[in-house]
Structures are given as C-alpha cells and as structure tokens.
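Only one structure is covered here, and it is reproduced in the block below.
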Amino acid sequence: MQPGTHPQQQPPINNNMTMSIVAIFLFWPLAIPAIISASKVNPLLQQGDHAGAQAAAAESRKWSKWALIVGIGWYVVVLLCCALGGLGAIMSGNSSTS
C-alpha cells in the first residue's frame with residue numbers, strides 16, 4: 001500500500017434484523033433462524049469478514065421472507081375459513097338463540 005492511500009471501504013450491509021423481528025410475529029419457527037443469522041452480521045463485519053457478513057445477511061433475509069410468506073399465507077387462510085364459515089351459517093339459515 002502506498003503512503004497516503006486508504007484501504008477501500010466496503011459498503012454497509014443491512015443485517016435485516018427489523019424484518020426478522022417483524023417476521024417473529026407472523027411465523028416464529030422460521031423467524032428464529034432469521035434473527036440468529038441477523039445477529040451474526042455486525043460481529044463478522046467488525047472482524048473484517050465481509051463475505052461472511054454478506055452470507056449471514058442473505059441467510060437472514062431468506063428466513064425472514066419465508067416466515068413472512070408462510071405467516072401471511074396462514075393468516076389469509078384462517079380469515080377465509082372464518083369468513084366462509086360465517087357466510088355458510090348465514091346462508092343455511094342456522095341461527096342460535098341464547
């Protein structure tokens with residue numbers, strides 16, 4: 001390295017911790033690995049392992065996306081079942097009186 005030159009700065013890496021935390025409210029079994037991977041990004045960057053930090057961020061993003069997809073899909077299915085079940089009860093004329 002020549003005097004007066006600086007090592008090239010690596011661009012910052014998003015650890016996806018926010019998306020991982022949001023995902024835990026939708027489908028926690030897949031969000032846990034996302035949070036674990038997200039928590040590895042900053043220590044790896046501090047150690048100078050840029051490639052490892054990128055890999056951990058990619059893992060976190062993958063698990064977070066799966067948790068969001070499965071969680072949102074599950075909620076849609078549950079809402080549709082509840083709505084269709086309620087509609088079926090109304091259409092059949094069944095009503096309960098207490």
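Each reported figure results from applying straightforward, stated rules to the coordinates on display, with no laboratory input. Everything numeric in this text was worked out from a predicted model, so none of it was measured. Cβ: placed from backbone, ideal geometry, glycine included. Neighbour counts: every protein chain shown.
Couple of notes before you dig in:
- Hits in segment 5-57 (condition: outside any helix (DSSP H, G or I) and polar (S, T, N, Q)): Thr5, Gln8, Gln9, Gln10, Asn14, Asn15, Asn16, Gln47
- Members of segment 41-80 that are under 14 Å from Met17 (Cα atoms), of a type outside the set (Gly, Ala, Ser) and surrounded by 19 or more Cβ atoms within 10 Å (Cβ to Cβ): Val41, Trp63, Leu68
- Residue match in segment 73-80 (condition: within 17 Å of the chain's Cα centre (by Cα) and not aromatic (Phe, Trp, Tyr)): yes
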